[in-house]
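Laboratory data are not the source of any read-out in this text; all were calculated from the coordinates shown. These numbers were taken from a predicted model, which means no experiment stands behind them. When we count neighbours, we look across all protein chains shown, and the Cβ atoms used for this are built from the backbone with ideal geometry, even at glycine.
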Amino acid sequence: MTRILVTGASGALGRAVVARLKTLGEQQLVTLGRRDESGLDLCDRAALLAALDAHGPDLILHLAARFQGELEDLYPINVGVAKTLLDWAVGREVRVVLVGSAAEYGIVAAADNPIAEDRVLAPVSVYGLSKAWQTQLMGVYAARGVDVVCARVFNLIGPGISSQLFAGRLEDGIRAVLVGEATEIRVGDLSAIRDYLSTDEAARQLLRIAGRGRAGEIHHVASGVPVSMRELARKRLAAAGLPMGVLRESPSYSNHVGYDVPAIHADMRKTQRLPDQPAKHCLKGLAEMNEGMA
């Protein structure tokens, strides 16, 4: 029986991952975090190490993260928890999957797209910096023999997306208009081009990477399709039966701090070419469940 431990299971991606995991055969699934049944503070190193010892997972999916704040706010969860997990994994038969972010790439010229996984990282946000440090940790621990891979996620859409992200703020605004709590949705500049995929598809790709990715490597979790934020807004409003006229667009309404990358989307060839054989025998079910790529 494969023992799987998930952090950040209460988040939008975490819920989609857990839902897919529950369709597997025999497994033992444990979720850790303040919002989960465990109530565990992941940043409490001693408590996290004790939980890892108690559950002895074969696979760790580290989805917990913080998106906004200063470095001192993001570092403990985005970097510190990853280090604790990797420290525990040294010398053990366990696979660790770290979730990265497209924000690690930073400034990208439109002509450089689509972006491949080997592009030099140049983050321009505190969040991107913290995730880039996590990626560097992966390299250090992979060199020490830890079976660790990175699933670098682009932009997600779906139920429960954080309001700290554009897609989440948009959905919150749509709900407010539909129930009569607001008459308009205020958004920042919508000209930027992004790579969006549903949380369910992201979960499928992430579990495929967990089952088949090579240790020490990075794989994109994305659609590979460039879409402007304005086009995404148009589609989401149309699906809700609302006109584009409810949008009030102004740079002053943006909550983005610092440089905003004008265009970025993923090169998906590496993820699509994942090997046929699972990375470890205990992960065979994950590999089989996620055959093919959309």
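Couple of notes before you dig in:
- Of VAL179, VAL17, VAL99, the one that fluctuates the most in a GNM where the chain has Cα springs shorter than 10 Å: VAL179
- Distance in nm between pseudo-label sites at ASP53 and TYR253 (7 Å out along the Cβ direction from Cα): 5.3 nm
- Sorted largest first, the principal axis extents computed over the alpha-carbon atoms of region 63-184 equal 57, 36, 25 Å.
- Under 5 Å between amide hydrogens, built in the peptide plane, is the criterion, and for ARG95 it picks out LEU59, ILE60 among residues at least 5 positions away or on other chains.
- By DSSP, the beta bridges lying fully in the chain are antiparallel in about 10 percent of cases.
- Linear extension gain, VAL124 paired with ALA109, 0.36 nm per residue minus alpha-carbon span: 4.0 nm
- By the rule of a C-alpha distance below 25 Å, with chain neighbours fewer than 8 residues away ignored, the lysines paired with LYS22 are LYS280, LYS284.
- Taking only the Cα atoms of region 127-275, the ratio Rg/Rh comes out at 1.04, with Rh defined as the Kirkwood radius.
- Degrees between helix 166-178 axis and first principal axis of the chain (Cα, 0 to 90, nearest 10): 50 degrees
- Taken over the chain, the alpha-carbon convex hull comes to 132 cubic angstrom per residue.
- Rounded to the nearest 500, the 222 nm mean residue ellipticity of the chain from helices alone is -10000 deg cm²/dmol, with -39,500 (n - 2.57) taken per DSSP H run of at least 4 residues.
- Pairwise label distance in nanometres, ALA239 with LEU29, each label 7 Å out on the Cα-Cβ vector: 2.3 nm
- Alpha-carbon centroid distance for the pair region 105-135 / region 191-219, whole angstrom: 16 Å
- Between ARG144 and GLU231, residue separation times 0.36 nm minus the direct Cα-Cα distance comes to 26.8 nm.
- Net charge over other residues, Cβ less than 11 angstrom from the Cβ of ALA132 (K, R count +1; D, E count -1): +1
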